[in-house]
Amino acid sequence: MELLTLIEHAKLNFDENGTPISSAFDDIYFSKHDGIAETEYVFIKHNQLQDRWPVISDQFHIGETGFGTGLNFLVAWQLLNQVNQTRNTPLKLKFTSFEKYPVTQQDLKQALSAWPQLKELADALIQSYPVAFTDEHVITLQDGLVELNLIIGDVNQRIKELPSLSGNDGIHAWFLDGFAPSKNPDMWTDNLYKNMARLSAPGATLATFTAAGAVRRGLQAVGFEVKKVKGFGHKREMLSAQLTNETIG
Ligand SMILES: C[S@@+](CC[C@H](N)C(=O)[O-])C[C@H]1O[C@@H](n2cnc3c(N)ncnc32)[C@H](O)[C@@H]1O
C-alpha cells in the first residue's frame with residue numbers, strides 16, 4: 001500500500017525590502033541586500049567550485065538541505081554556464097535538494113524577482129517548478145545539462161531512504177543550509193550527518209553558514225575534517241569541511 005504523506009507548503013511573508021521570511025521558523029530565506037553574495041561566499045567559495053569545475057570530468061553532484069527559493073541552485077547553475085564556456089566538454093550538474101515545506105510557484109516567482117541578474121535561469125526554473133507536489137520531482141533543465149532532483153519531505157526521513165551512491169554518482173559537495181540550528185534544531189541531527197557521509201563521493205566537501213559546536217562535532221564524528229573560517233559579512237564564523245572517512249569515537 002502506498003503511504004500518502006501530507007505535504008505542507010512554506011508560509012512566507014515578504015518584508016518591505018522584499019526579503020522572504022518564514023513565519024513558521026521566524027528566519028529569512030536570504031537577504032535581499034546580499035543574498036547572492038552570501039551564497040557565493042558560503043557555498044560556492046567554501047566548496048571550491050570555481051577551482052574544481054574547470055578541471056574535473058563530466059559530472060558534478062551537489063547535495064543541499066533546504067531548497068527554499070532555489071537561490072543557491074540558481075547561483076551554482078550560473079557558475080556552471082560560466083565555467084562551461086572555458087571547457088572543451090561541458091560539465092553536467094546534478095543537484096539533489098531536500099525540502100520539507102516547498103514554496104508555492106507563486107511565492108517562488110515573487111522571491112526570485114529580487115534577482116534580475118538571474119532572470120533567465122529563474123524563469124526556466126519557475127516554468128518547470130511543480131504546481132502540485134509529490135514525494136520527488138526530477139526536473140531537467142538546459143537540454144539535460146542540469147538535473148534538479150527535488151526530494152520533498154523531512155530531510156532526516158528522506159535521506160535515510162536513498163540508496164548509497166557509488167563512484168561519480170556520489171555527492172561531491174554539500175550545501176548544508178536550512179534555518180539556523182537555534183531556530184530549527186530538529187533538522188540538525190547526527191542521523192543527517194551520518195547519511196550525508198554515506199551518500200558522499202570520496203573527498204566530498206561541505207560548507208554551512210553556521211559555526212555551531214554541535215554541528216562541528218556531529219560532522220567530525222562521521223568523518224568530515226572541519227575548519228572554522230570567517231563567516232559572511234558581519235558573521236564571525238562558519239564551517240567548511242572535507243570528508244576524510246576517519247570517524248571519531
Ligand atoms: C534558509 S532556507 C534555504 C534557502 C535556500 N537554500 C535558497 O537557496 O533559497 C531553509 C530551508 O530549509 C527547509 N527545511 C527546514 N527544515 C527542514 C527539514 N527538516 N527537512 C527539509 N527541509 C527543511 C525550509 O523549509 C527552508 O526552505
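The values are calculated or read from the model by the stated rules, or taken from the named source; none is laboratory data. Remember, predicted model here, so these are calculated numbers, not experimental data. In this analysis, Cβ positions are derived from the backbone assuming ideal geometry, glycine residues included, and neighbour counts consider all displayed protein chains. These accessible areas exclude ligands, DNA and RNA; they are computed on the full protein's heavy atoms, side chains included. Shrake-Rupley method; radii C 1.70, N 1.55, O 1.52, S 1.80 Å.
Leaving ligands and nucleic acids out of the surface, order Tyr193, Tyr29 by accessible area at 1.4 Å, largest first. Could the numbers behind the result be given before it?
Details: Tyr193 5, Tyr29 55 Å².
Output order, biggest surface exposure first: Tyr29, Tyr193.
Compute the Kirkwood hydrodynamic radius of the chain, taking the inverse of the mean of 1/r over all pairs of distinct Cα atoms, and give it in Å to one decimal.
On the way: mean 1/r = 0.0544 Å⁻¹.
So the Kirkwood estimate lands at 18.4 Å.
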Quick check: at a probe of 1.4 Å, how many percent of the accessible area of the range 22-243 sits on carbon and sulfur atoms? 49
With Cα springs under 10 Å, the Gaussian network model of the chain assigns the largest mean-square fluctuation among Gln48, Gln157, Gln105 to Gln157
Do any GluC sites (Glu not before Pro) in the range 1-76 lie in a loop, going by DSSP, with at most 15 other beta-carbon atoms within 10 Å of their beta carbon, and if so which? Glu2, Glu8, Glu16
Taking the range 178-238, the whole-percent share of alpha-carbon pairs separated by over 18 angstrom is 34
Simple spin-label estimate for Gln105 and Glu120 in nanometres, 7 Å along Cα-Cβ: 2.3
Once Ser113 and Lys227 are pulled to full extension, the length gained, defined as 0.36 nm per residue separation minus their Cα-Cα distance, is 37.6 nm
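Count the DSSP beta bridges whose two residues both fall in the range 91-158, then state the antiparallel fraction as a percent rounded to the nearest 5. Present the calculation step by step, with values, prior to reporting the outcome.
On the way: 6 of 13 bridges.
Expressed as a percentage, antiparallel bridges in the range 91-158 total about 45.
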Segment Glu161-Asp190, length gained on full extension (0.36 nm per residue, minus Cα span): 8.9 nm
Given Cα pairs under 8 Å that are at least 6 residues apart, what percent is the relative contact order of the range 107-249? 16
Step through the table entries Lys45/Lys235; Lys32/Lys92; Lys119/Lys230; Lys11/Lys183; Lys32/Lys227; Lys32/Lys100, compare each Cα-Cα distance with 19 Å, and write down the pairs that go over it. Lys32/Lys92; Lys119/Lys230; Lys32/Lys227; Lys32/Lys100
Calculate the FRET efficiency for Thr89 and His137 from the Cβ-Cβ distance with a Förster distance of 22 Å, rounded to the nearest 0.05. 0.20
Compare Thr65, Thr89, Thr189 in a GNM of the chain, Cα atoms joined below 10 Å, and give the one with the largest fluctuation. Thr89
Sequence of Val131, Val146 when ordered by accessible area, the most exposed leading, probe 1.4 angstrom: Val131, Val146
